[in-house]
Amino acid sequence: MTDSYEGFARHIHACNNARLPDGRLPLRLRGVTLGWIDAGLLPALESHVSAGSGVTRGIEGGFELEDTGILEKLGGSLAANGHFRFRNEAFDILAEPHGPTLGRIDRGALPGFGLIASGVHVNGLVELPDGPHLWVGRRAADKLLDPNKLDHLVAGGIAAGYGPMQTLVKEGEEECSLPAALAAQAVKVAEITYRMQRPEGLRRDLLHCYDLTLPPGWIPTPNDGEVAGFHLLPLSQVFTAVRDTSDFKFNVNLVLIDLFLRRGLLDETRAEGRQLRAGLKGAL
């Protein structure tokens with residue numbers, strides 16, 4: 001464990017590379033902080049501050065919103081001017097994980113405004129005589145984010161109005177033709193949080209993680225073009241790939257580290273293992 005610790009810890013450090021405020025200004029709704037604005041976006045947001053716009057400058061810095069409907073309009077305006085890529089997929093606006101839904105905004109605006117986003121990741125496991133195996137997908141070459149990277153059997157953001165299990169069933173059918181009855185057997189095993197600066201902005205993510213044990217005869221089939229194909233790999237091979245490479249999508253590594261800890265491939269009783277576990281609960 002000691003020799004391999006850094007190979008796993010580097011993924012956790014990479015996903016927790018953002019500090020607050022670090023030059024960012026808070027975005028508040030009636031005094032409650034929703035997100036954080038990067039310095040590069042300040043001029044564009046400043047241009048929307050005017051009487052009657054619903055956006056004002058706070059007494060102690062930052063921006064105050066009259067309501068989240070204003071934020072949705074801002075997101076649309078900034079996307080039209082090239083600051084975000086409009087994704088045409090609404091996500092819930094949250095002030096804190098598991099908090100009430102305060103409004104909706106296009107998915108593409110979430111990192112630009114530094115808003116919390118939630119997603120689902122599924123470890124598709126197959127127990128074979130020679131040991132546990134994991135279904136691994138390869139992201140399509142034309143994906144906007146992390147093309148060609150290795151990924152989970154099922155993974156996706158939680159759209160507005162959906163819960164984690166509803167998303168799991170929906171994404172499972174779309175990404176790998178997973179029958180709903182089989183998807184319903186998934187067991188939630190963890191929640192992972194991190195705060196990461198990425199090219200698309202500040203990601204403050206909550207991942208709902210599931211294990212799904214699949215029958216050996218079932219084979220996933222790409223259904224929506226987001227996955228180039230799937231491979232069934234020994235878990236030991238996945239372990240080595242996470243430790244020694246950056247072949248997996250950045251946040252998939254964290255979900256797999258959790259799996260390795262729970263399966264005993266990493267020793268959680270050692271100091272290094274405890275540090276890995278603690279690192280999966282990064283600040284949002």
Worksheet item: in contact (Cβ under 8 Å) with a residue 60 or more places away in the chain, over 28 Å from Gly279 (Cα atoms) and in a strand (DSSP E or B) - does that describe any residue in the stretch 243-254?
Response: no
Scanning the stretch 148-168 residue by residue, the ones that are out of contact with any Gly (no Cβ under 9 Å at 6 or more places or on another chain) and under 17 Å from Pro222 (Cβ atoms) total 2
Q.
Just to be sure before I move on: is Gly62 more than 21 Å from the chain's Cα centre (by Cα), crowded, with 16+ Cβ neighbours inside 10 Å and among the small types (Gly, Ala, Ser) in the structure I sent?
A. yes
Wholly inside the stretch 24-76, strands (runs of 3 or more DSSP E) that include 1 or more residues that are of a type in the set (Ser, Thr, Tyr) and assigned by TED's automatic domain parsing to the domain that holds Asn88 are 32-37, 55-57
Note on the stretch 263-276: residues surrounded by fewer than 16 Cβ atoms within 10 Å (Cβ to Cβ) and either under 17 Å from His11 (Cβ atoms) or touching a residue at least 60 places away in the same chain (Cβ under 8 Å) (or both) are Arg263, Asp267, Glu268, Arg270, Arg274, Gln275
Checked the stretch 179-195 for anything within 13 Å of Thr213 (Cα to Cα) and not in a strand (DSSP E or B); matches are Ala181, Leu182, Ala183, Ala184, Gln185, Ala186
Checklist entry - Based on what the data block shows, is Ile59 without any contact (Cβ under 8 Å) to a residue 12 or more places away in the chain and out of contact with any Phe, Trp or Tyr (no Cβ under 8 Å at 6 or more places or on another chain)? => result yes
Restricted to the stretch 14-37 and to residues being surrounded by fewer than 18 Cβ atoms within 10 Å (Cβ to Cβ) and touching a Pro at 6+ places or on another chain (Cβ under 9 Å), the residue farthest from Asp67 (Cα to Cα) is Leu20
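The values are calculated or read from the model by the stated rules, or taken from the named source; none is laboratory data. Note that the coordinates shown come from a computational prediction; the quantities given were computed from them, not determined experimentally. Cβ: placed from backbone, ideal geometry, glycine included. Neighbour counts: every protein chain shown.
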